[in-house]
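Remarks on the structure that follows.
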Amino acid sequence: MRVVTTTALMLVLAALPASAEDAPKPATVTQANAAAPPSAADLLFDQPQMKNTAPGSTLTYDYLRRSGISGGPFGAPLQDTLTLKVEPGKSPDARDISVTMFSGLNRVPAGPFEDMVGNPVVSLFLENHLRGLAKVLEANPRYLKLAIRKGLREKAVVTPTKVTVGGKEVDGWQVVTKPFAGDALAQRMRGMDDMTYTFVTAPSVPGEIVSIEASSKSKDGGELLEEKLNYDQKAG
């Protein structure tokens, strides 16, 4: 891995609707054709994503974070898991969800969530990501949050995909946005204004969230940040 040089909060996306290379890659995504894609906000925040997740089941996501920035401001590379234990909610589509976010000294307090119809793993990933990014950039976390919100609403590209799960191809959607590109304060991002967020969803996958990724590279190709979350179908 090339080393490059470049010089507190809980994110709540209240303004949005409701609410590794080294890591296992349980799902493979390829392009497919479809018309009239839904909005990013609809896919990530409005859908009743938990309706196809059976009460009593556990969703497991493999997590990876690493960075090539000298001095290690993001900390040591981290590979861990995030699990959601799912129980019945008050309505047929809702679930009560308890969270185990990472293990041992890496443990992050999260949840529980009551009567959730959406998958909280999206907000959990973004909360954790923004917490680290704001610290490294010495930035106002609210500013970063609003930029991502705007990016998902106004700059997101939504395309149909095929997701390979359990040896079968199922229909899915890919959402890609670069919220800091062209930002008035992009020069303060310390080279990370190209940060790209990629979300993959599939209605037939429990919890619907297949993967989430935030990545940024320097102009010479060095890895500034790679952060990923992948649904682990084998653990489910």
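Taking the criterion of being in a strand (DSSP E or B), modelled with pLDDT of 95 or more and among the polar types (S, T, N, Q), the residues of segment 27-61 that qualify are T58, T60. When you look at L124, is it in contact with a helix residue (DSSP H, G or I) (Cβ under 6 Å, 6 or more places away or on another chain), surrounded by 17 or more Cβ atoms within 10 Å (Cβ to Cβ), closer than 21 Å to T177 by Cα and not basic (K, R), yes or no? No.
Kindly establish whether D220 is surrounded by fewer than 19 Cβ atoms within 10 Å (Cβ to Cβ) and in contact with a Phe, Trp or Tyr (Cβ under 6 Å, 6 or more places away or on another chain). Here the answer is no, as D220 does not meet what is asked. Considering only residues that are of a type in the set (S, T, N, Q) and either modelled with pLDDT of 95 or more or buried (at least 18 other Cβ atoms within 10 Å of the Cβ) (or both), look in segment 197-214 and name the one that is farthest from G118 (Cα to Cα). Per the criteria, the residue is T198. Test S98 against the criterion of being among the hydroxyl-bearing types (S, T, Y) and either assigned to a loop (DSSP other than H, G, I, E, B) or at pLDDT below 95 (or both), and give yes or no. Taking the combined requirement at face value, the residue does not satisfy it.
K90 passes every criterion in (1) modelled with pLDDT of 50 or more; (2) surrounded by 19 or more Cβ atoms within 10 Å (Cβ to Cβ); (3) more than 20 Å from Q174 (Cα to Cα) apart from (2).
Report, by residue number, each residue of segment 179-232 that is of a type in the set (D, E, K, R) and either touching a His at 6+ places or on another chain (Cβ under 8 Å) or in a strand (DSSP E or B) (or both). Once the filter is applied, which keeps residues that are of a type in the set (D, E, K, R) and either touching a His at 6+ places or on another chain (Cβ under 8 Å) or in a strand (DSSP E or B) (or both), segment 179-232 yields E213, K217, E223, E226, E227, K228.
The values are calculated or read from the model by the stated rules, or taken from the named source; none is laboratory data. As the structure is a prediction and not an experimental result, all values here were calculated from the model. Ideal geometry is used to build each Cβ from the backbone, glycine not excepted, and the neighbour counts take in all protein chains shown.
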